[in-house]
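Here's the structure, in structure tokens; my notes come after.
The values are calculated or read from the model by the stated rules, or taken from the named source; none is laboratory data. Note that this is a predicted model, so its numbers are computed, not measured. Don't worry about glycine lacking a Cβ; one is built from the backbone with ideal geometry, like all the others, and counts go over all protein chains shown.
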Amino acid sequence: MTGLRRGLLLSLLAGLASAGCRTAPGEVRVGSKKFTESVVLGEIVTQLVRSTGARAEHRAQLGGTQVLWHALLAGEIDLYPEYTGTIREDIVPGMSGDGSDDSLRAVLARQGIGMTGSLGFEDSYALGMREDDAVRLNVTRISDLRAYPRLRLGFSEEFLHRGDGWPRLKRRYGLPQTDVRQLDHDVAYRALAAGDIDGTDLYTTDAEIRYYHLTILADDLGHFPSYRAVLLYRSDLPRRSPPAWAALRALQGRIAVGDMQRLNARVKLERVSERAVASDFLATTLRIQAEAAPEGRGRRVGRYVLEHLALVAASLSAAIVVAIPLGIAAARRRRLGAAILAVAGVVQTIPSLALLVFMIPLLGIGTAPAVAALFLYSVLPIVRNTVSGLTGISGSLLESADVLGLSSTARLRKVELPLASPAILAGIQTSAVINVGTATLGALIGAGGLGQPILTGIRLDDMSLILEGAIPAALLALMVQALFERLGSVLIPKGLRLRPDA
Amino acid sequence: MVSSRPSTGRSGDLITYQRQVTLPLDSPIIELRDVVKRYGAVEALKATTLSLGVGVNVLLGPSGSGKSTLLRLLTGLARPSAGEVLLWGQVIAPRTIGPLRRRLGYVIQEGGLFPHLTAGANVTLAARYFGWDARRIETRLEELCALTHFPRDGMARFPAQLSGGQRQRVSLMRALVLGPELLLLDEPLGSLDPMIRAELRADLREIFRVLGQTVVLVTHDLAEAEFFADRVVLLRDGRVVQEGRLLELVERPADPFVTRFISAQSRPGAHG
């Protein structure tokens, strides 16, 4: 974050504080940083406080460490989730003492801040590799890597260069690997899944660990500093709200690393809201009925429909923009046209599920690969109809346009495209209807949409959940169909909609 | 039958688009020099040298005789396999075809009207494309409606809403919109029923007379040739059999085919 933006945020926070936000003395204000895990933890804490009858507010995704820390010092928030390693490195760097938790607490206490015990998990750096490789090579610890000098490693820029990163890790363990590449964190996961690299750095609670079936190697020499999750709170919190404080203490040690991975995965991959994930966790782990139904069925379906429409709109509009020029090119040059149609035809024959999965190594998981796959599916019908619409135009019409003196561009614009418009529109309609149906598979790769309840319904064998996705999807397809019929009466020139000799 | 004087009366406002014909009748506007047109192995037009001048020239012959091919060569839609085609002394080539086409009008067989455009939009498409202003286009449209006896309110209708004869008139107006010096028509009366045909035929002759420009008209119908032609070019199997005034063809046939073709279409009591 730039200094300017940080300054703005801080002054905004200060302004909010002076504007009299302290009018509700019993209210507990929880902050969180702008990444999934922090938001989920913030939500868990907030709901936990509310379950005691106290009032609580979650100020989610406020920013990075500095913003949260300063907001806490300013009394703008009462607590937020933090990691011991971050406190040591970024909040009170160069502190005196032995670096133990107690010495940390002592330093923080001087600023009026308290620190709970560990919530139960660490989110540290670690090395990971594919589970099947780890089993095959019998690798469970980082020191086991010494036996395999030819393994290919890909590390994030930060890990390659920071103090406790790769250079010191390599020295500490005497690791012999030389094929080491710098990769973006997300790309590294995909490269690992695709088999382009054999190991990478990761955070121990990443959602992708389960998704890609990765094994975390034990740090048997204790190289990585500890990043245990804790809560930082203002020292007056226990006094101000004893029941809330008691509930928060009960959270200590209750979230295992596997739990946190699952919670992250539910938010990031299954697109469940942080609120819902948090309340599910409290209900199953702490037996606390926090917030019964975090999202009504109507709102949930509405959200799925919007996600679904976003997938369809993005992929279809990209397909229209690409496919019509392709169709024009294909109609003008017969051999190029044959090649274009052949390629598009081959893409169309790939089963949709397979196409979606092919996209993962290229674009990872989430919305982008789903849009890309849907785009590829939508191209062919539009190209094919554009070609047949253009090549079906009677030669005498084209010759009339030529002899009138129209340039080929003008002929295309004023004669050919209007005449081909019914066919082109029919192609777009076909693509749109296919797209609405196929987009339900997008949920398989984390793109959300109406496939999400279908998928969850199949997993939980819950017919009502399946219908929650299937019925809106079917209605949506019908509506798209109807929409294009209406569009036809606007976009297709009137003269083409008349019956001859009418 | 060439009127070199500006017309007066009803079509008097046409004079702005009418060029004074100063060339002598035999001065060539169209020239073919050893032109051959092959489609694959088929010679649609065998080596032909021909000159056509001002007046109504009718390309006459049975189907497959090469008359439509000849017309297409004049529009640049077909390019000669050998030899060259000249308009106003200029060889038709990719570089010259654009400017040359602005000086000619073409009524394609079956009209070739754009079904997505109204009659008016069909007629004015080229004028709009070449940047005429709205007032000039409106004036031109009025003139053309008067010339072709087409109801002004019919301009708002689409080709599918017009009769065959009306479509031909619109097609003719479209060819005339820029005021061409050369008008090419491919079987303009081809698919019309007899009543409409007779009416349009008479109107066409009057239009040709008023415009006083060079016309090339393709037909297989001797009666049509007789009705329109200042000069007839009779074709058979891709070859010009004879050209000249129709009377010359009757009186001094160059070939037994000429007599056969003429007598096959002559009815007892037809014009001599």
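Might you let me know whether the range B:34-54 holds any residue that is out of contact with any strand residue (DSSP E or B) (no Cβ under 7 Å at 6 or more places or on another chain) and within 13 Å of chain A (Cβ to nearest Cβ)? No: zero hits.
Yes or no, residue by residue, for (1) assigned to a helix (DSSP H, G or I); (2) of a type in the set (Val, Ile, Thr); (3) assigned by TED's automatic domain parsing to the domain that holds A:Arg110; (4) crowded, with 17+ Cβ neighbours inside 10 Å:
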residue: A:Arg239; (1), (2), (3), (4): yes, no, yes, no
residue: A:Trp245; (1), (2), (3), (4): yes, no, yes, yes
residue: A:Gly253; (1), (2), (3), (4): no, no, yes, no
residue: A:Val267; (1), (2), (3), (4): yes, yes, yes, yes
residue: A:Glu307; (1), (2), (3), (4): yes, no, no, yes
residue: A:Ser317; (1), (2), (3), (4): yes, no, no, no
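Taking the range B:167-207 as the range and being modelled with pLDDT of 90 or more and of a type in the set (Ser, Thr, Tyr) as the test, only B:Ser171 passes. For the range B:186-208, residues that are more than 15 Å from B:Leu147 (Cβ to Cβ), in a helix (DSSP H, G or I) and in contact with a strand residue (DSSP E or B) (Cβ under 9 Å, 6 or more places away or on another chain) total 0. Here is the figure for the range A:206-219: residues that are surrounded by fewer than 22 Cβ atoms within 10 Å (Cβ to Cβ) and either of a type in the set (Phe, Trp, Tyr) or in a helix (DSSP H, G or I) (or both) total 3.
Of the residues making up the range B:134-185, those that are in contact with a strand residue (DSSP E or B) (Cβ under 9 Å, 6 or more places away or on another chain), away from chain A (no Cβ under 12 Å) and part of a helix (DSSP H, G or I) are B:Gln168, B:Leu172. Considering every residue within the range A:425-436, establish whether at least one is farther than 30 Å from A:Gly448 by Cβ, away from chain B (no Cβ under 11 Å) and either in a helix (DSSP H, G or I) or in contact (Cβ under 8 Å) with a residue 24 or more places away in the chain (or both). There is no residue in the range A:425-436 that is farther than 30 Å from A:Gly448 by Cβ, away from chain B (no Cβ under 11 Å) and either in a helix (DSSP H, G or I) or in contact (Cβ under 8 Å) with a residue 24 or more places away in the chain (or both). Listed by first and then second residue, the pairs with beta-carbon distance under 7 Å, at least 6 apart or on different chains, first residue in the range A:123-137 and of a type in the set (Phe, Trp, Tyr), second surrounded by 15 or more Cβ atoms within 10 Å (Cβ to Cβ), are A:Tyr125/A:Phe159; A:Tyr125/A:Asp201; A:Tyr125/A:Tyr203; A:Tyr125/A:Phe224. B:Thr75 meets each of the listed conditions (1) within 12 Å of another protein chain (Cβ to nearest Cβ); (2) free of Cβ contacts under 8 Å to residues at least 40 places away in the same chain apart from (2).
Restrict the check to the range A:173-184 and report whether at least one residue is within 21 Å of A:Phe35 (Cα to Cα), out of contact with any helix residue (DSSP H, G or I) (no Cβ under 6 Å at 6 or more places or on another chain) and surrounded by fewer than 21 Cβ atoms within 10 Å (Cβ to Cβ). Yes. In the range B:82-133, the residue that is farthest from the other protein chains (Cβ to nearest Cβ) out of those that are over 21 Å from B:Leu185 (Cα atoms), assigned to a loop (DSSP other than H, G, I, E, B) and among the hydrophobic types (A, V, I, L, M, F, W, C) is B:Ala93. Counting only helices (runs of 4 or more DSSP H) wholly contained in the range A:107-205, the ones carrying 2 or more residues that are among the small types (Gly, Ala, Ser) and not assigned by TED's automatic domain parsing to the domain that holds A:Gly75 occupy A:185-194.
Do we find a residue being over 30 Å from A:Leu48 (Cβ atoms) and at pLDDT 90 or above anywhere in the range A:105-128?
yes
Could you tell me whether any residue of the range B:173-190 is free of Cβ contacts under 8 Å to residues at least 40 places away in the same chain and under 29 Å from B:Glu43 (Cβ atoms)? Yes, the range B:173-190 contains a residue that is free of Cβ contacts under 8 Å to residues at least 40 places away in the same chain and under 29 Å from B:Glu43 (Cβ atoms).
Quick one: is A:Gly469 modelled with pLDDT of 85 or more, outside any helix (DSSP H, G or I), away from chain B (no Cβ under 14 Å) and surrounded by 19 or more Cβ atoms within 10 Å (Cβ to Cβ)? Judged against the criteria, A:Gly469 is not a match.
Looking at the range A:379-421, which of the residues that are facing chain B (nearest Cβ under 8 Å) and in a loop (DSSP other than H, G, I, E, B) is surrounded by the fewest Cβ atoms within 10 Å (Cβ to Cβ)? The residue in question is A:Ser394.
Of all residues in the range A:73-90, those satisfying the criterion of being more than 17 Å from A:Ala229 (Cα to Cα) and aliphatic (A, V, I, L, M) are A:Leu73, A:Ala74, A:Ile77.
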